[in-house]
Amino acid sequence: MGRAYTLEEKKKIRENLKKIAKAMFKGKGVKKARIEEITKAVGISLGGFYTFYKNKEDLFLDIINDIEKEMFNKLIQEAKTTEDSIEEYFRKVAYIMCEKINKNKMFMNKDSDVLKVINNSSVEDKKRALAEDLFVIEKIKSIWLERGCNIDAPAEKLLGVFRCITTIRSNAEMIGENVIDELTSHIIDKFVEVYINGSR
């Protein structure tokens with residue numbers, strides 16, 4: 001059992017845990033990273049780790065949540081200020097998601113088991129993630145409605161397409177790196193054609 005920490009200590013330690021773990025997950029993947037390595041680098045006991053997280057997968061999901069929040073804030077701000085058409089905006093959204101995955105070795109590392117970790121998360125975590133993602137999609141839809149563009153497609157379908165794209169990108173090695181860009185482009189084109197075109 002770890003010692004009791006002050007609120008300020010907890011905040012600092014949690015940030016350090018995420019920072020150190022993120023670097024390790026990028027380098028060796030979630031599966032091969034060890035909690036003992038993370039706690040040693042942060043300077044806390046193994047017991048202290050469990051003050052903050054149930055396991056390393058729980059820590060990984062917290063890091064993913066931070067990455068998503070940063071990206072979603074960017075997308076919402078872009079919806080408010082962009083001079084692009086609604087079609088070009090949603091193309092940009094899809095490509096921003098692809099770029100985020102391409103640049104983040106934590107997603108691309110073949111040992112990361114990203115999808116496995118997410119799929120094995122608790123029902124409560126999955127419900128929370130779904131609710132947060134749908135809230136962002138609804139927020140983006142409402143911004144575009146205020147700008148005179150009504151998107152008929154429900155948020156669930158839009159989110160489904162985005163998740164499909166990110167799933168494909170994070171499995172580029174399995175699908176084939178020589179075809180992944182072309183496949184992604186076709187999916188994005190079809191997405192815009194079916195769900196976004198005509199949103200006036």
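The values are calculated or read from the model by the stated rules, or taken from the named source; none is laboratory data. These figures come from a predicted structure and were not determined experimentally. Here the Cβ positions follow ideal geometry from the backbone for every residue, glycine too, while neighbour counts run over all protein chains shown.
Observations
- Residues of the stretch 184-200 that are more than 16 Å from TYR89 (Cβ to Cβ) and either touching a helix residue (DSSP H, G or I) at 6+ places or on another chain (Cβ under 7 Å) or among the charged types (D, E, K, R) (or both): THR184, ILE187, LYS190.
- Cross-chain or 6+ apart pairs with Cβ under 6 Å, the stretch 179-192 first and farther than 15 Å from PHE162 by Cβ and without any contact (Cβ under 8 Å) to a residue 60 or more places away in the chain, then exposed (fewer than 12 other Cβ atoms within 10 Å of the Cβ) and aliphatic (A, V, I, L, M): none
- The stretch 110-148 - residue that is among the small types (Gly, Ala, Ser) and part of a helix (DSSP H, G or I) and, of those, modelled with the highest pLDDT: SER142
- One residue from PHE90, PHE60, PHE49, PHE107 being surrounded by 20 or more Cβ atoms within 10 Å (Cβ to Cβ) and either modelled with pLDDT under 85 or touching a Pro at 6+ places or on another chain (Cβ under 7 Å) (or both): PHE107
- Residue in the stretch 166-175 that is surrounded by 13 or more Cβ atoms within 10 Å (Cβ to Cβ), under 17 Å from the mean Cα position of the chain (by Cα) and closer than 20 Å to ASP84 by Cβ present: no
- For the stretch 22-65, the set of residues classified as within 15 Å of the chain's Cα centre (by Cα) and within 20 Å of THR167 (Cβ to Cβ) consists of PHE25, LYS26, GLU57, PHE60, LEU61, ILE63, ILE64, ASN65, listed by residue number.
- Pick from the stretch 129-144, criterion within 12 Å of GLU156 (Cβ to Cβ) and of a type in the set (A, V, I, L, M), ranking: surrounded by the fewest Cβ atoms within 10 Å (Cβ to Cβ): ALA131
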